Amino acid sequence: MQLVKRRKFQLPPILSLLAPLCGACGELTVPDLPAGFLAVGAGDFHTCAVAQGGIAYCWGSNRSGQLGSKAGAQTAWPVPVEGELRFRSISAGFAHTCGITLDGSAYCWGLGSDGQLGTGSRETRGRPATVSASWSWRALSAGHGHTCGIALDGSAYCWGNNLYGQLGSGSTEDALHPVLVVGGLRFVSIAAGHTHTCGVTTSGSAYCWGDNRVGQLGTGDLQSTSVPAFVPSPWAAVVVSVGSQNACALTLSAVLYCWGSNDRGQLGVPGVQMSGSPLPVAGGLTFSAMSAGSDHHVCGVSAQGQVFCWGEGEDGRLGNGALESSAMPVPVSGALLFTSVSAGFRHACGVSEQGLTYCWGYGGSGQLGSGGYVTRTIPAPVQGR
């Protein structure tokens, strides 16, 4: 869902703050792909990416307009998002997409039935619509039925479905406009999941709010809450990512911790069904980036640039050429080194050090961008038409 880009590992910014053919495409003209994408974000049945210069492309299912183009019901090739906007980041959710333009404005498009587009209505939009906020944005994360973001001053806002308090507003009322996450906290990272949300503050502390029935808030209990709850830990976090019923935090020491449901091994810890407290991912790896998918799998970029995935292996979403699940991180096939990775619903994508984008896993809606509607158990390059 949300993407996390990799750098050569160094002290993170937190310290400076403290610190086969195109189905139903009709006569759509698809331009040549750029030389490469800067970052990629995998949603449930679609994927989006930002190219050099800020042009955004999406591919996969378009049944709710989440591609932001006139691509018909779906397309297996990347198509540019309409509107001549230039983006610096993009996040793909269940059936909607949000992005921040170069001037700091927020736009969302796709399914809007829960108010997740932040436009003040429940209308579904097939092209980018302005989020109703008067401030500039630092980060956005599109979840299942809600969206969250961080303003330039570090304050967090959420909008959309709020059945479990996942907006962090202190209530369980849906919001059609951005509402402030209560508590006066300042954030450097935020991630919207299915029914819960987590963020990292400028002090490196992790907070979560919303549904906690399987310990996905990491608070050591099973108490759901509509306000941010502190995740007890001895470490400082850099960034957080949220799945359907789990969450993971990358620490300052490059160690990855996960918590919540582990029914498919998505915590990367063998032998436990769930954990209401953070546990270190097994295997002794250090990471520079990671992403929790929305259907029981997680992927991370090691400090050396190799991608590892763990959890549910159905549809080849672990990228290791197999269909089996694994509670231990397994390397994605091939000799590729990556700069970023994003885990979606039943697929994952990453950008290589050469700037090429690869995807693997379920591709029945064209979300792998490889020109067909097939499932792949190893990385396949995203292709132009």
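A few comments on the model shown:
- Bridges between two residues of the chain, per DSSP, are antiparallel at a rate of about 100%.
- Heavy-atom accessible area with a 1.4 Å probe sorts 312, 173, 84, largest first, into 84, 173, 312.
- When you filter the chymotrypsin sites (Phe, Trp or Tyr not before Pro) in the stretch 107-201 for DSSP loop state and at most 10 other Cβ atoms inside 10 Å of their Cβ, nothing is left.
- For the stretch 163-268: rounded, prolate or oblate by the Cα gyration tensor [a/c cutoff 1.5]: oblate
- Anisotropy class of the stretch 229-359 from Cα gyration tensor, a/c 1.5 cut: oblate
- Net charge of Cβ neighbours under 14 Å - reference residue 145; Lys, Arg +1; Asp, Glu -1: -4
- One chain, two ends: residue 130 and residue 213. Fully extended at 0.36 nm per residue, the span grows by 26.5 nm beyond their Cα-Cα distance.
- Given (i) 22, 55, 23, 0; (ii) 34, 61, 5; (iii) 24, 42, 24, 10, 1, the label whose value is P(r) over Cα pairs in 20 Å bins from 0, in percent derived from this model: (ii)
- Placing a pseudo-label 7 Å from each Cα along the Cα-to-Cβ vector at residue 328 and residue 122 gives an inter-label distance of 4.9 nm.
- Under 11 Å, Cβ to Cβ, from residue 226 - net charge with Lys/Arg +1 and Asp/Glu -1: -2
- Rounded accessible area of residue 33 (nearest 10 Å², 1.4 Å probe): 50
- A simple charge model with +1 on the Cβ of Lys and Arg, -1 on the Cβ of Asp and Glu and nothing else charged puts the dipole of the chain at about 580 debye relative to its Cα centre.
- Put the Cα centre of the stretch 96-110 next to the Cα centre of the stretch 305-373 and the gap is 25 Å.
- Note that the stretch 202-218 has calculated 3J(HN,Hα) couplings of 5, 8, x, 8, 9, 10, 9, 8, x, 5, 9, 5, 10, x, 6, 8, x Hz, one per residue in order, obtained from phi through the Karplus relation 6.51 cos²θ - 1.76 cosθ + 1.60 (θ = phi - 60°); glycine and proline are x.
- CD proxy at 222 nm, helix term only [per DSSP H run n ≥ 4: -39500 (n - 2.57); per residue of the chain; nearest 500]: 0 deg cm²/dmol
- With the charge dipole of the chain set up from +1 on Lys and Arg Cβ and -1 on Asp and Glu Cβ about the Cα centre, the Cα lying farthest toward the positive end among the listed residues 48, 336, 60 is that of 336.
- For residue 74, nonlocal amide neighbours, meaning residues 5 or more places apart or on other chains whose placed amide H falls under 5 Å from its own, are 62.
- Near residue 377: Cβ cut-off under 11 Å, other residues only, Lys/Arg at +1 and Asp/Glu at -1. The net charge is -1.
The values are calculated or read from the model by the stated rules, or taken from the named source; none is laboratory data. Owing to the predicted nature of the structure, the values given are computational and were not obtained by experimental measurement. Methodologically, a virtual Cβ is constructed for each residue, glycine included, from the backbone with ideal geometry; neighbour enumeration extends over all protein chains shown. What goes into the accessible areas is simple: the full protein's heavy atoms, side chains included, and nothing from ligands, DNA or RNA. Shrake-Rupley method; radii C 1.70, N 1.55, O 1.52, S 1.80 Å.
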